[in-house]
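The values are calculated or read from the model by the stated rules, or taken from the named source; none is laboratory data. Remember, it's a predicted structure, so these values are computed and weren't measured experimentally. Cβ placement follows ideal geometry from the backbone for every residue including glycine, while neighbour counts extend to all protein chains displayed. Surface accessibility is based on the protein's heavy atoms, side chains included, excluding ligands, DNA and RNA. Shrake-Rupley method; radii C 1.70, N 1.55, O 1.52, S 1.80 Å.
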Amino acid sequence: MKGKNKDMVFFRGDFVPSAEANISILSAVAQYGMNVFEGLRGYYNHDSLTMNVFQLPEHISRLLCSARMLKFKLDPAHTQAYIEQKVKELIKLNAHTEDIYIRVCLFLDNFWGWSSQDPVGLIINTFPKDRAFTDLKGLKCCVSSWRRINDSSFPPRIKAGPNYLNSRLSLLEAKQNGYDYPILLNDRSTVAEGPGACLFIVRNGSLITPPVYASVLESITRNAVIDVARSILKVPVMEREIDRTELYLADEIFFVGTAIEIMPVESVDGIQVKDFRPRPITREILKHYFKIVRSESEHFARWNTPIKMTQEA
Ligand SMILES: Cc1ncc(COP(=O)(O)O)c(C=O)c1O
């Protein structure tokens with residue numbers, strides 16, 4: 001372990017400055033993007049000097065599931081407990097005193113071949129991160145002309161770097177056409193998700209979100225929002241397919257995800273979301289979500305992994 005700064009990463013079993021964490025340009029990750037990864041958030045509490053990592057075990061568990069589906073042969077040392085421990089150690093080492101984003105990546109650290117199964121490297125890095133859309137109160141969305149990847153060719157359930165090719169195409173198209181964020185439909189022409197977030201709509205007092213078989217990532221925030229809605233707000237939640245035109249009729253629409261957190265949608269294809277201004281359910285979800293991640297709620301404290309950021313801890 002080297003000295004304290006905010007630029008250390010965990011790489012090939014050691015903590016090193018990020019500039020020293022280098023991989024071969026001939027590796028399968030450099031040539032074909034062969035990796036699986038997780039993005040997590042840590043919320044810093046200035047009173048208790050604690051970094052609360054949101055849903056750490058859930059994220060590492062999904063990372064290992066992604067690696068399993070791609071038949072990565074992991075180093076036996078890379079267990080769930082080990083990876084969680086290294087995330088905690090790195091956060092302390094980087095001594096953050098602000099909200100952060102944490103990236104954990106397993107990648108094919110080999111020479112060239114995309115079908116090889118090992119060696120699999122582990123890299124963890126952390127950096128300060130604010131809200132994704134600091135300057136926007138709601139997103140102007142469009143339905144993308146690109147379809148979401150599907151389980152029979154390019155499973156969105158596997159959180160792998162190459163999936164973001166589909167995300168990239170849809171996001172760049174949306175921006176070029178003057179929108180903030182796209183909504184992708186799946187092969188059945190029902191709503192899937194955004195390029196980096198899941199989607200909820202509100203109709204007649206119920207929350208509705210596409211099921212996990214609708215070409216979506218099995219999102220950790222999506223599960224959290226369902227739990228918050230059912231157990232705190234007592235709002236009914238339906239996991240069912242959503243038609244495109246329901247987006248135009250919805251009372252409220254919002255995206256959820258680690259990076260985007262909870263983000264309201266203002267309009268879809270130029271049609272204003274009905275209750276965009278009061279958005280009563282979105283507002284409540286947002287309020288409880290931020291209370292929970294900031295450890296200010298009596299509910300779901302187990303979702304946070306607290307890391308004391310003082311020397312003596
Ligand atoms: C395509 C996609 N869908 C949904 C999500 C939300 O997932 P989570 O809540 O686990 O961050 C993400 C976030 O990475 C994503 O990239």
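Listing for the model above:
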item: Selection from segment 161-205 of residues that are of a type in the set (S, T, N, Q) and either within 11 Å of the ligand (Cβ to nearest atom) or under 15 Å from the mean Cα position of the chain (by Cα) (or both); result: Asn163, Asn166, Ser167, Ser170
item: Of residues in segment 238-261 being open to solvent by 20 Å² or more (accessible area, probe 1.4 Å) and not in a helix (DSSP H, G or I), the one farthest from the ligand (Cβ to nearest atom); result: Asp251
item: Residues that are of a type in the set (Gly, Ala, Ser) and open to solvent by 20 Å² or more (accessible area, probe 1.4 Å), drawn from segment 129-173; result: Ala132, Ser145, Ser152, Ser153, Gly161
item: Given (1) within 13 Å of the ligand (Cβ to nearest atom); (2) polar (S, T, N, Q); (3) closer than 28 Å to Asn304 by Cβ, index of the condition Ser231 fails; result: (1)
item: Residue match in segment 273-293 (condition: surrounded by fewer than 21 Cβ atoms within 10 Å (Cβ to Cβ) and in contact with a Leu (Cβ under 6 Å, 6 or more places away or on another chain)); result: yes
item: Filtered residues of segment 201-214 (kept if without any contact (Cβ under 8 Å) to a residue 60 or more places away in the chain and assigned to a strand (DSSP E or B)); result: Ile201, Arg203, Ser206, Ile208, Thr209
item: Of all residues in segment 1-54 being among the acidic types (Asp, Glu) and outside any strand (DSSP E or B), the one that is nearest to the ligand (Cβ to nearest atom); result: Asp7
item: Matching residues, segment 262-276, being touching a residue at least 40 places away in the same chain (Cβ under 8 Å), more than 30 Å from His59 (Cα to Cα) and assigned to a strand (DSSP E or B); result: Ser267, Val268
item: Meets criteria (modelled with pLDDT of 95 or more, of a type in the set (Ser, Thr, Tyr) and crowded, with 17+ Cβ neighbours inside 10 Å) for Ser61; result: no
item: Lone unmet requirement of (1) surrounded by 17 or more Cβ atoms within 10 Å (Cβ to Cβ); (2) within 16 Å of the ligand (Cβ to nearest atom) for His78; result: (2)
item: Criterion violated by Asn110 - all others in (1) in the same structural domain as Ile271 (by TED's automatic domain parsing); (2) in contact with a Ser or Thr (Cβ under 9 Å, 6 or more places away or on another chain); (3) assigned to a loop (DSSP other than H, G, I, E, B) satisfied; result: (1)
item: Only listed residue being touching a residue at least 60 places away in the same chain (Cβ under 8 Å), within 12 Å of the ligand (Cβ to nearest atom) and of a type in the set (A, V, I, L, M, F, W, C), chosen from Ile158, Ile123, Ile91; result: Ile158
item: Single match in Pro128, Pro57 (criterion: closer than 23 Å to Ile292 by Cα and either more than 16 Å from the ligand (Cβ to nearest atom) or without any contact (Cβ under 8 Å) to a residue 24 or more places away in the chain (or both)); result: Pro128
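Let's see how each residue does on (1) within 26 Å of Gly196 (Cβ to Cβ); (2) among the small types (Gly, Ala, Ser):
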| residue | (1), (2) |
| --- | --- |
| Tyr32 | yes, no |
| Gly42 | yes, yes |
| Phe54 | yes, no |
| Ser61 | yes, yes |
| Asp75 | no, no |
| Glu89 | no, no |
| Asp99 | yes, no |
| Cys105 | yes, no |
